[in-house]
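The values are calculated or read from the model by the stated rules, or taken from the named source; none is laboratory data. Keep in mind it's a predicted model, so treat the numbers as computed, not measured. Don't worry about glycine lacking a Cβ; one is built from the backbone with ideal geometry, like all the others, and counts go over all protein chains shown.
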Amino acid sequence: MPSPQQLEAMLESDPDDVFLRYALAMAHRSAGDHEQAIQVFDDVLERDAEHVPSYFQKAQTLAELKKVDEARAVINDGIKVADRVNDAHAAGEMREFLALL
């Protein structure tokens with residue numbers, strides 16, 4: 001996986017690339033920078049409110065930070081979006097995660 005710095009450099013040439021922004025959030029999460037990851041997941045969702053994986057990953061990140069109520073709110077939003085875009089697989093995974101919170 002590219003480093004956050006490499007991904008930020010790529011975003012300079014294509015700042016609206018949602019996939020690159022999602023990859024940046026995941027890179028921050030992998031590096032243990034959970035707060036920065038959450039900020040970038042928020043940025044992804046501002047640009048594309050139907051980016052289902054960002055809801056799931058943001059909720060998991062929040063749960064890792066022991067922010068369970070926030071994680072529940074995000075995962076519930078993600079389930080609604082997944083249902084709306086007919087992503088039954090993601091909705092099912094998020095419901096399972098919600099049950100564990």
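For beta carbons closer than 6 Å, sequence separation of 6+ or different chains, a first residue in segment 39-55 that is without any contact (Cβ under 8 Å) to a residue 60 or more places away in the chain and farther than 14 Å from D16 by Cα and a second that is aliphatic (A, V, I, L, M) and part of a loop (DSSP other than H, G, I, E, B), the qualifying pairs are E50/V85. For segment 22-38, indicate whether the set of residues that are within 11 Å of the chain's Cα centre (by Cα), among the acidic types (D, E) and under 26 Å from E96 (Cα atoms) is non-empty. Checking segment 22-38: not a single residue is within 11 Å of the chain's Cα centre (by Cα), among the acidic types (D, E) and under 26 Å from E96 (Cα atoms).
Please go through segment 8-60 and pick out each residue that is among the acidic types (D, E), at pLDDT 95 or above and in contact with a helix residue (DSSP H, G or I) (Cβ under 9 Å, 6 or more places away or on another chain).
Kept after step one, since they are among the acidic types (D, E), are these residues of segment 8-60: 8, 12, 14, 16-17, 33, 35, 42-43, 46, 48, 50.
Adding the requirement that they be at pLDDT 95 or above leaves 33, 35, 42-43, 46, 48, 50.
Scanning segment 8-60 gives D33, E35, D42, D43, D48, E50.
Within segment 51-90, restricting attention to residues that are part of a helix (DSSP H, G or I) and more than 14 Å from the chain's Cα centre (by Cα), which residue is surrounded by the most Cβ atoms within 10 Å (Cβ to Cβ)? The selected residue is D83.
Restricting attention to segment 8-50, the residues being outside any helix (DSSP H, G or I) and either of a type in the set (S, T, N, Q) or closer than 24 Å to A88 by Cβ (or both) number 3.
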